[in-house]
Amino acid sequence: MKKYSLLLCYGCFSFVLNAQTIFNTTYNFSQIDNATSIIKTQDNNFVVGISTQLQPNTSYILKLDALGDTLWQKKITNFVVRSLAEQTNGSLILTGVANDSTFTEGALMSLTALGDSLWKKKFGNRDANILNKVKIAPSGNIFVMGFTHSYPNPSDSTDANGWLIKTDNLGNVIYDKQFNIGKNADIFMDIHIKTDESTYVIGYTSQVSQQVSPLTGLIVHFNTNGDTLFTQQQPNTSILYAIAETSDTNFILVGTTKVNGKDKGLVTKITPQAIPIWQKSYARDTNNYDFRVVAPFNSNTYLVGGTDYDLTQNPIKKRVRFIVLNALGDSLWSQQYSHTGGNTENSLFSMTLNNNGGFVFSGNSWVFPQQNAWVVSVDSIDCVNYVNGCQTVGVEEILNLEQETLNFLLYPNPNNGSFTIRLTHPIAIGFVSEEVSIEVYDVFGKQIHYTTTNTSTEIQLDLGNVPKGFYLVSITTKKQKEIKKIVVE
């Protein structure tokens with residue numbers, strides 16, 4: 001590894017599998033460091049953003065080559081990096097937080113391809129303002145989002161507003177939009193930009209005035225001017241962390257869902273109208289799990305990553321897990337990762353795909369009281385065939401996601417708007433007493449029917465004089481959910 005006076009690299013190692021290199025590296029600048037974002041650059045290298053505990057607030061930006069060697073590093077003060085993106089000319093865009101003397105500002109910054117500062121913009125005028133994610137449209141326009149307390153009228157609320165800002169390639173504001181559902185705190189976590197520069201923004205909403213009320217996943221669709229087209233609070237979700245468009249122009253969302261007071265990792269596919277197509281969750285025990293990242297992978301598959309635990313340790317230790325899903329959300333491959341195993345614990349923040357059929361991710365690795373930034377490059381997932389190699393950075397384990405579904409039948413289908421639902425789940429046949437919600441949505445996401453039942457095995461529904469076309473029927477309990485399509489002729 002190349003040596004730098006400011007960089008301490010613990011446990012750095014690399015090895016080669018089938019002509020592909022894997023590296024598993026930690027970086028130390030302070031007692032608490034996080035590799036919050038990593039991107040692959042146009043020259044097939046990587047740039048990683050690392051936040052530190054140093055004061056004044058300090059971040060480091062490192063450029064790594066394909067072997068994990070450091071090409072350059074830059075120190076940035078009065079800035080906490082949260083997300084990175086690259087412009088077509090190779091310059092870098094950073095977003096995060098800058099601290100004024102009395103409040104926290106959302107910050108947007110540009111660096112040259114060599115890491116030298118070009119410009120810096122700050123947003124917000126009071127309290128806490130944080131920009132969580134940056135994405136760049138093909139036009140070069142920059143989209144950043146997060147949350148703000150800087151309301152047009154400071155007396156409006158004490159809760160956070162979701163925040164979406166669009167600028168040109170020099171950081172000049174095109175629009176600056178705030179979003180709020182009533183008195184809720186609304187936090188934006190990720191964004192997808194369509195070709196017309198309309199956007200889908202996801203995150204979560206919370207009725208903070210109730211203090212302990214649950215979080216609910218949130219999807220907001222904005223038009224090209226930043227005006228809200230629709231808002232959808234996703235059922236059976238707590239937080240939505242990441243979004244990716246699928247080859248059939250639908251979307252995959254990942255995050256958490258709350259079951260019996262514990263978080264499970266959530267993966268759901270939705271239509272452009274935010275109608276759920278399928279939803280699945282993951283947990284191996286009673287600990288809290290989540291999924292933080294998602295990306296389209298090979299041939300209608302998706303790579304998702306998030307929190308896992310090493311159940312062989314006593315006490316158990318937090319790890320990172322990646323799973324490859326097929327188009328229906330079934331797991332094809334799964335692997336757990338840590339820095340050195342044993343007593344270390346690990347968290348995931350960011351991931352980017354690599355040209356070798358693998359991926360690179362960043363987060364942290366810690367043994368109390370030291371927390372280091374952590375970056376791992378993984379060979380093509382075919383490396384699961386190389387037991388010695390893959391076991392070094394990950395524990396090979398094939399597993400299935402839990403499918404939170406109810407069994408039910410719809411007939412006749414197609415129909416004239418009148419049909420029968422037959423429940424075959426234990427709830428329906430009297431072994432369990434639990435309310436079942438039945439909802440019907442049109443293709444635009446409008447709810448056209450809602451009813452509840454406890455023990456009926458057969459339910460007759462008549463949608464009335466609805467237009468011909470496709471409709472989605474959703475059956476939901478406290479723990480389970482299934483959605484099926486009907487055709488009205």
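Each value in this text was obtained by applying a stated rule to the coordinates, not by laboratory testing. In this text, all values refer to a predicted model and were calculated from it rather than measured experimentally. Reconstructed Cβ throughout: ideal geometry from the backbone, glycine too, with neighbour counts over all protein chains shown.
Taking packing as the residue-averaged number of other Cβ atoms within 10 angstrom, the listed peptides 410-416, 302-308 run from highest to lowest as 302-308, 410-416. Of the peptides 364-375, 223-234, the order by per-residue mean of other Cβ atoms within 10 Å, starting with the highest, comes out as 364-375, 223-234. Stretched out straight at 0.36 nm per residue, the stretch from Asn225 to Asn89 would grow longer than its current Cα-Cα span by 46.4 nm. Rounded, prolate or oblate for the range 183-312? Axes are the square roots of the Cα gyration tensor eigenvalues, ordered a ≥ b ≥ c, and the cut-off for rounded is a/c under 1.5. Note, shape of the range 183-312 comes out oblate. Centre-to-centre separation between the Cα atoms of the range 214-243 and those of the range 335-377: 29 Å.
Past the 20 Å Cα-Cα mark, which pairs from Lys63/Lys318; Lys40/Lys318; Lys121/Lys177? Listed pairs above 20 Å: Lys63/Lys318; Lys40/Lys318.
Calculate the length of the line joining the C-alpha centroid of the range 108-134 to that of the range 312-327, in whole Å. Spelled out, the Cα-based centre of one part sits 33 Å from the other. Less than 5 angstrom separates the built amide H of Val293 from those of Gly305, all sequence-distant by 5 or more or on a different chain.
Going from the residue with the fewest nearby Cβ atoms within 10 Å to the one with the most, Glu197, Glu245 rank Glu245, Glu197. Pairs exceeding 24 Å between alpha-carbon atoms, taken from Lys166/Lys258; Lys135/Lys485; Lys446/Lys484; Lys74/Lys120; Lys262/Lys485; Lys133/Lys269: Lys166/Lys258; Lys135/Lys485; Lys262/Lys485. The residues packed around Ile448, meaning those with a beta-carbon under 12 Å from its beta-carbon, carry a net charge of -2 if Lys and Arg are +1 and Asp and Glu are -1. Exposure proxy ranking for Thr148, Thr257, based on other Cβ atoms within 10 angstrom of each Cβ and starting from the fewest, stands as Thr148, Thr257.
If each residue of separation counts as 0.36 nm, what is the full-extension length gain between Asp69 and Lys446 once their alpha-carbon separation is subtracted?
On the way: separation 377, 0.36 × 377 = 135.72 nm, distance 5.23 nm.
Contour length minus Cα-Cα distance gives 130.5 nm.
Would you list Ile187, Ile483, Ile50, Ile174 from fewest to most Cβ contacts within 10 Å?
On the way: Ile187 21, Ile483 18, Ile50 28, Ile174 15.
With the sparsest Cβ surroundings first, the list reads Ile174, Ile483, Ile187, Ile50.
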